[in-house]
Amino acid sequence: MTTPQPTDATASIAAPLLRIAVMGAGAVGCYFGALLARAGHAVTLIGRQAHVEAIRAHGLRLQTAALDEYVPMAAGTTPDAVRGADVVLFCVKSTDTEDAARQIRPHLAPGALVLTLQNGVDNDERVRTVLGDAHPVAAAVVYVATEMAGPGHVRHHGRGELVIAPSPASATVAQQFSAAGIATEVSGNERGALWAKLVINCAYNALSALAQQPYGRLMQTTGVADVIEDVVAECLAVAEADGIRIPGDVRAAVRGIVATMPGQLSSTAQDLARGKPSEIDHLNGYVVQRGKALGVATPVNQALWVLVKVVEAGKQG
């Protein structure tokens, strides 16, 4: 393992470097934060004490198929560490969205872009409700397989691209992120892109969590593919009733996850294994609730939602 030297990404950046804060420095925030720091941006991670202490002592250990190195960057445990940031990567669990938004609100710089990198389809709206019109908020759809392998240690398993909603700063952010090795696209159909990701999450997260198996092994079990197909059909029916235009071939994207992330445990599986609250209310649970509001039956999503809630309650109680 080495301390990183200047990279091609650093040299290719033409626009001014950004000051970036990561609110909720879990696996997703740490991975993208590390790539941005390697490219020369001033990154501050905001996370738990043990995590922060490890980063302050050695840097963040970034482990991928191509490299294993320590990336120096700032780290803190309190929300005021967002002060002065041009961009805040908002990476907290969907269950903590409003609380975290309230915590950072007094410390945000004027005009700072808050980019929500979270599971679920309504986090940007929830953050915007808390922050009001004083700060631009844009949703980001995240496709990456990562895990925290220990305090100050993020491990990457696959993919790593973003789709972000339009905002006054989105074009610049996309340019900077792409130059740092993060393939980033600006899309005016962010609702559809968020729903495309939601369908994938609903298809795999609960099943991976209940079985505590990665996607590749999960699909080897007879009947799993049929259950996933039923989940997807219900999600698409709710989306259609809600007027959502999902881009691309969603069913093909769902099938493709097994090829691109065969060894990945879902975030819900990781939460249950650690005895932590999951985001299932914002995944299959969201589809169930939205389906009820729109008159669309979602029995398979409801069964998966309830089963995860039962396991979650048992581990916490």
(request) Just give me the residues in the stretch 192-231 being in contact with a Pro (Cβ under 7 Å, 6 or more places away or on another chain) and closer than 19 Å to V121 by Cβ, in sequence order. (result) G192, A193, A196
(request) Please find, among A225, A171, A209, the residue that is closer than 29 Å to L35 by Cα, surrounded by fewer than 19 Cβ atoms within 10 Å (Cβ to Cβ) and at pLDDT 95 or above. (result) A171
(message) Quick check on my filter: what residues within the stretch 164-196 are in contact (Cβ under 8 Å) with a residue 24 or more places away in the chain and not in a helix (DSSP H, G or I)?
(response) I164, A165, P166, S167, P168, A169, A180, G181, I182, E185, S187, N189
(message) Going residue by residue through the stretch 93-112, is there one that turns out to be under 19 Å from A269 (Cβ atoms), surrounded by 22 or more Cβ atoms within 10 Å (Cβ to Cβ) and either out of contact with any Phe, Trp or Tyr (no Cβ under 8 Å at 6 or more places or on another chain) or aromatic (F, W, Y) (or both)?
(response) no
(request) Identify the single condition in (1) more than 22 Å from A174 (Cβ to Cβ); (2) modelled with pLDDT under 95 that E69 does not satisfy, given that it satisfies every other one. (result) (2)
(request) Filter the stretch 235-249 for residues that are buried (at least 21 other Cβ atoms within 10 Å of the Cβ) and in contact with a Leu (Cβ under 8 Å, 6 or more places away or on another chain) and give the result. (result) C235, V238, I246
(message) If M261 meets every condition in (1) more than 13 Å from C202 (Cβ to Cβ); (2) out of contact with any strand residue (DSSP E or B) (no Cβ under 6 Å at 6 or more places or on another chain) apart from one, which number is that one?
(response) (2)
(request) Just give me the residues in the stretch 127-141 being modelled with pLDDT of 95 or more and of a type in the set (A, V, I, L, M), in sequence order. (result) V127, V130, L131, V137, A138, A139, A140, V141
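The values are calculated or read from the model by the stated rules, or taken from the named source; none is laboratory data. On a predicted model such as this, the values are computed, not experimentally measured, just so you know. With ideal geometry, Cβ positions are generated from the backbone for all residues, glycine too; neighbour counts draw on all protein chains shown.
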